[in-house]
Ligand code: UD1
């Protein structure tokens with residue numbers, strides 16, 4: 001594919017990158033508020049919206065159902081007044097995991113939704129059992145035909161209580177949305193507490209929803225009349241994007257500052273970076289990092305928020321290839337999310353995957369340039385980081401996967417001095 005490969009001239013371990021990188025709104029918040037807008041017969045305006053492929057795909061999904069979506073730079077307007085469709089476009093829905101959250105608004109508003117198994121990053125099994133069993137508990141009927149699924153609840157969804165056997169970001173969000181139009185209050189237990197989940201609740205509240213327990217593991221959602229929000233809703237800054245840039249700073253930064261972030265959303269990451277010896281300074285909505293002389297090895301364990309985010313595991317892995325000694329990474333959320341390490345080994349890293357959830361990393365190893373394809377958004381970015389410190393020129397393919405979650409990545413990385421181009 002044209003324009004689908006990044007060419008990166010490695011720094012051969014030199015710490016020369018310097019400057020500021022603005023962080024945009026979070027993919028995992030904007031996609032959910034766009035879906036939530038489908039609950040409302042009127043227009044919502046979102047600001048700080050990243051220009052990424054997944055936002056385009058979610059917009060097309062809403063338009064395909066009859067909605068109106070209009071972008072102007074980093075502002076997005078969504079009006080779901082004329083939505084009548086309840087069948088998700090299969091190709092679009094399969095292109096991203098976030099399409100699953102549309103189940104909540106469509107089923108709650110129209111009593112029916114038909115959808116394929118959602119796609120997204122190739123990071124192991126991504127089941128949807130929590131969604132099916134949850135909606136069945138609220139009185140919906142589930143059926144399967146070919147490769148599409150249908151949920152129906154013509155009399156509306158009952159309220160009641162759902163305990164999530166596994167903490168899930170998208171399941172928490174989906175049922176939070178559905179609860180706003182259920183027939184009775186809905187209590188959700190063992191909820192995800194990610195900042196993006198909180199931001200979705202805040203958007204719904206700005207539309208008139210009544211939700212108790214926001215930010216905690218138990219949410220109570222009361223049926224409410226939702227109306228368009230009076231003010232534009234600002235998408236929460238992308239803490240994962242920030243994590244990626246800070247990881248780059250930890251291995252190649254004379255001094256890199258990320259701007260427009262919420263440092264309080266990044267406690268686990270900042271703690272991990274500081275533990276490696278990096279100098280990290282927080283000032284308002286900026287974080288500045290400088291690479292240490294010697295990177296210390298650490299033990300890292302991904303965990304639901306406020307633990308270390310699984311989406312920042314791959315960038316941090318690259319940092320640990322440069323630590324002096326043995327580090328351990330335990331990936332607790334997804335199996336398959338250590339697969340990309342094979343390519344880092346091909347670049348010279350000493351990473352042993354002990355089992356699908358645990359890797360040990362022995363450093364420090366210089367990395368050499370390679371030509372490889374990124375398998376998903378986060379691993380693709382970690383290959384860019386590895387190429388940035390490698391000896392020689394690398395070509396990283398599948399740029400379109402990186403574009404799903406990062407706006408103009410090559411421009412932003414070039415602005416701090418990395419030699420990166422796209423062709
Ligand atoms: C979301 C994020 C993703 C992030 C992940 C964990 C979006 C679009 N994506 O993904 O970037 O990596 O949270 O922070 O917001 N599970 C089940 N059954 C289900 C649903 C999930 O067993 O029905 C399991 C998953 O396999 C996984 C765990 O629950 O082991 C957590 O996954 P979940 O939080 O649902 O991830 P997503 O919401 O898909």
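I'm checking my understanding of the structure. Among residues of segment 365-380 that are assigned to a helix (DSSP H, G or I) and over 22 Å from residue 297 (Cβ atoms), which one is farthest from the ligand (Cβ to nearest atom)? Looking at residues that are assigned to a helix (DSSP H, G or I) and over 22 Å from residue 297 (Cβ atoms), I get 380. Here residue 350 clears all of (1) away from the ligand (no atom under 16 Å from the Cβ); (2) on the phi < 0 side of the Ramachandran plot; (3) crowded, with 19+ Cβ neighbours inside 10 Å except the condition numbered (3). Restricted to segment 256-321, the set of strands (runs of 3 or more DSSP E) holding at least 2 residues that are touching a helix residue (DSSP H, G or I) at 6+ places or on another chain (Cβ under 6 Å) comprises 279-283, 286-290.
Examine segment 325-334 for a residue that is farther than 25 Å from residue 195 by Cα, more than 15 Å from the ligand (Cβ to nearest atom), part of a helix (DSSP H, G or I) and touching a residue at least 24 places away in the same chain (Cβ under 8 Å), and state whether such a residue exists. So far as segment 325-334 goes, no, none of its residues is farther than 25 Å from residue 195 by Cα, more than 15 Å from the ligand (Cβ to nearest atom), part of a helix (DSSP H, G or I) and touching a residue at least 24 places away in the same chain (Cβ under 8 Å).
Restricted to segment 85-109, and to residues there that are without any contact (Cβ under 8 Å) to a residue 40 or more places away in the chain and assigned to a helix (DSSP H, G or I), the residue that is farthest from the ligand (Cβ to nearest atom) is 91.
Every listed requirement among (1) buried (at least 16 other Cβ atoms within 10 Å of the Cβ); (2) more than 12 Å from the ligand (Cβ to nearest atom); (3) outside any strand (DSSP E or B) is met by residue 130 save one, (2). Within segment 20-42, the residues that satisfy the criterion of being within 25 Å of the chain's Cα centre (by Cα) and away from the ligand (no atom under 15 Å from the Cβ) are 20, 21, 22, 23, 24, 37, 38, 39, 40. Restricting attention to segment 141-182, the residues being more than 14 Å from the ligand (Cβ to nearest atom) and either assigned by TED's automatic domain parsing to the domain that holds residue 333 or surrounded by fewer than 16 Cβ atoms within 10 Å (Cβ to Cβ) (or both) number 12. Among the candidates 235, 289, the residue that is under 19 Å from residue 27 (Cβ atoms) and surrounded by 23 or more Cβ atoms within 10 Å (Cβ to Cβ) is uniquely 235. Restricting to segment 353-367, what's the tally of residues that are crowded, with 21+ Cβ neighbours inside 10 Å and at pLDDT below 95? Count: 0.
The values are calculated or read from the model by the stated rules, or taken from the named source; none is laboratory data. These numbers come from a predicted model, not from an experiment. Please note: Cβ atoms are built from the backbone with ideal geometry, for glycine as well, and neighbour counts cover all protein chains shown.
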